[in-house]
């Protein structure tokens, strides 16, 4: 059994609790771990009837904190109902996802 400390750093968890939850108005989110070895996707969202679940992999964990957190912002934007839209730079591919990075930069200022 993988513990939350093994899934996500304390800093990432604090970012979610202190920045993302209050900013988004989302009441709760669960973080889960997948042992998938695929490079992509390395983070994804499941929206069931209960609390949204963001699943991360070791590949996601290998990224620097700014990329990890901008990807978490990306998933929160989906929770809020935003769909991918290349006209605003909101892409499923991190290298083209300028929108989530802009939102992230505003949140950390």
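The values are calculated or read from the model by the stated rules, or taken from the named source; none is laboratory data. Remember, it's a predicted structure, so these values are computed and weren't measured experimentally. Glycine gets a Cβ as well: all are built from the backbone with ideal geometry, and neighbour counts include every protein chain shown.
Name the residues in the range 93-109 that are outside any helix (DSSP H, G or I), more than 20 Å from residue 25 (Cβ to Cβ) and either at pLDDT below 95 or more than 15 Å from the chain's Cα centre (by Cα) (or both), would you?
Result: 93, single match.
How many residues are surrounded by fewer than 20 Cβ atoms within 10 Å (Cβ to Cβ) and either under 14 Å from residue 26 (Cα atoms) or over 10 Å from the mean Cα position of the chain (by Cα) (or both) if we restrict to the range 46-60? Lay out the reasoning, then the answer.
Taking the range 46-60 as the starting set, the residues that turn out to be surrounded by fewer than 20 Cβ atoms within 10 Å (Cβ to Cβ) are 46-53, 55, 58-59.
Those still in the list that are either under 14 Å from residue 26 (Cα atoms) or over 10 Å from the mean Cα position of the chain (by Cα) (or both) too: 46-53, 58-59.
Summing the residues that are surrounded by fewer than 20 Cβ atoms within 10 Å (Cβ to Cβ) and either under 14 Å from residue 26 (Cα atoms) or over 10 Å from the mean Cα position of the chain (by Cα) (or both) in the range 46-60 gives 10.
Looking at 87, 34, 24 in this structure, which one is without any contact (Cβ under 8 Å) to a residue 40 or more places away in the chain and surrounded by 14 or more Cβ atoms within 10 Å (Cβ to Cβ)?
34
So which residues in the range 68-92 are in contact with a strand residue (DSSP E or B) (Cβ under 9 Å, 6 or more places away or on another chain) and in a helix (DSSP H, G or I), if there are any at all? Even if it seems obvious, please write down each step before you answer.
In the first step, residues of the range 68-92 are kept if they are in contact with a strand residue (DSSP E or B) (Cβ under 9 Å, 6 or more places away or on another chain); the result is 68, 71-72, 74-79, 82-84, 91.
Of everything in the range 68-92, those that are in contact with a strand residue (DSSP E or B) (Cβ under 9 Å, 6 or more places away or on another chain) and in a helix (DSSP H, G or I) turn out to be 68, 71, 72, 74, 75, 76, 77, 78, 79.
Would you pick out the residues in the range 29-43 that are under 13 Å from the mean Cα position of the chain (by Cα) and closer than 15 Å to residue 68 by Cα?
So the first thing to find is which residues in the range 29-43 are under 13 Å from the mean Cα position of the chain (by Cα), and the list is 29-33, 41-43.
Result: 31, 32, 33, 41, 42, 43.
Give me the residue from the range 61-79 that is over 8 Å from the mean Cα position of the chain (by Cα) and over 11 Å from residue 101 (Cα atoms) and, out of that set, surrounded by the fewest Cβ atoms within 10 Å (Cβ to Cβ).
Our first condition is that a residue be over 8 Å from the mean Cα position of the chain (by Cα); within the range 61-79, this holds for 61-67, 77-79.
Filter once more, keeping what is over 11 Å from residue 101 (Cα atoms): 61-65, 77-79.
Details: 61: 16, 62: 11, 63: 16, 64: 7, 65: 11, 77: 19, 78: 18, 79: 16.
Restricting to residues being over 8 Å from the mean Cα position of the chain (by Cα) and over 11 Å from residue 101 (Cα atoms), the top hit is 64.
Hey, could you check the range 94-109 for residues that are closer than 18 Å to residue 42 by Cβ and touching a residue at least 12 places away in the same chain (Cβ under 8 Å) and say which is surrounded by the fewest Cβ atoms within 10 Å (Cβ to Cβ)? Lay out the reasoning, then the answer.
Within the range 94-109, the first condition is being closer than 18 Å to residue 42 by Cβ, and the residues that meet it are 94-97, 100-101, 104.
With touching a residue at least 12 places away in the same chain (Cβ under 8 Å) added as a condition, the list becomes 94, 97, 100-101, 104.
Values: 94: 16, 97: 20, 100: 23, 101: 18, 104: 21.
This residue is 94.
Within the range 1-67, which strands (runs of 3 or more DSSP E) (wholly inside it) include 3 or more residues that are under 20 Å from residue 104 (Cα atoms)? Even if it seems obvious, please write down each step before you answer.
Numbers: elements: 30-33, 43-46, 53-56.
It comes to 43-46, 53-56.
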